[in-house]
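A.B. asks: One structure, as structure tokens, below. Some questions next.
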């Protein structure tokens, strides 16, 4: 439920703004000069705003396409990410966005054309190179699709560049644009997954693991390439059996031929970010148990991290070739 809509004056006549407002009839917008005047206000309460978020329609002025960290990728030599939106509809306890931003309001940058130009510039500069563009870092790629039209706009662009991959990272089951079109060979629909029992406790507001797996199965049957994202790996009571059950459930429902890549990554937070997140979630068992300070990061101990990584890799080898495995440790 959107509490209020704010629109930057500079883009109030943008066709995309008009289309979005049609979906919020009866909710008159407030016009502002810059989104920062709302989004970056001091003394905001992220937890309260998460219950009653506003939508800010804005124009991004720079940084349309950014380089991903060196250890973040799924096989290609060059990796970039782009964020058409800030903040997510879901409320997962481990989400770094609650530590990155002071506001839980949603910002949707409507100037897709500028992102398109930035993407095409990278493709032109790296002509004939294998490149991956990642979406879904500062938001969920598909959860807001009915409002944003992001996927419907960008997939036809990437279809023109078959040597360039686009990853849509998501927990959503709102897949209307994908279900209504033929699969695009260079698009990877990447689902974040964890054991059901864990997701029920910490993946607040997100679709259940069962619903995500059902949607993965449906997309896979259509021929869409699937990414399986088991990151972060979550430690807890009976975690080994929980991951055994998860992997068994996933792979018995998916045609292995469409699996593009599998990533595993540790649960890690920068020290300052963790302190902020913990202060907003003082009762979180996840943020209280088993985590320790390692350098300038808060994470599980090195022993736990290595045990989980090794155990899960050995399990996954039963279902998929190791050439599809990638470690996700990149920090943006």
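The numbers here are math on the coordinates, done by the rules we state, and not lab data. All values reported here derive from a predicted model rather than from experimental measurement. Note that we place each Cβ from the backbone using ideal geometry, even for glycine, and neighbour counts take in every protein chain shown.
A.B. asks: Rounded to whole Å and ordered largest first, report the semi-axes of the equivalent ellipsoid of the stretch 178-332 derived from its Cα gyration tensor (root of 5λ).
C.D. replies: Calculated on Cα positions only, the semi-axes equal 29, 17, 15 Å.
A.B. asks: Moving on to the next point. Stretch residue 296-residue 179 to full length: gain in nm at 0.36 nm per residue minus the Cα-Cα span?
C.D. replies: 37.8 nm
A.B. asks: On to the next question. Provide the descending list of Cα extents for the chain along its principal axes, expressed in whole angstroms.
C.D. replies: Rounded to whole Å, the extents work out to 55, 47, 35 Å.
A.B. asks: Fewest to most neighbouring Cβ within 10 Å: what's the order for 243, 78?
C.D. replies: Ordered from fewest to most neighbouring Cβ atoms within 10 Å, 243, 78 come out as 78, 243.
A.B. asks: Within the stretch 58-327, what percent of beta bridges assigned by DSSP are antiparallel, to the nearest 5?
C.D. replies: About 30 percent, rounded to the nearest 5.
A.B. asks: Where both partners of a DSSP beta bridge lie in the stretch 229-329, what percent of those bridges are antiparallel, to the nearest 5?
C.D. replies: Counting only bridges with both partners in the stretch 229-329, antiparallel ones make up about 60 percent.
A.B. asks: Rank the residues 121, 138 as a footprinting-exposure proxy: fewest other Cβ atoms within 10 Å of their Cβ go first.
C.D. replies: In order of increasing Cβ crowding within 10 Å: 121, 138.
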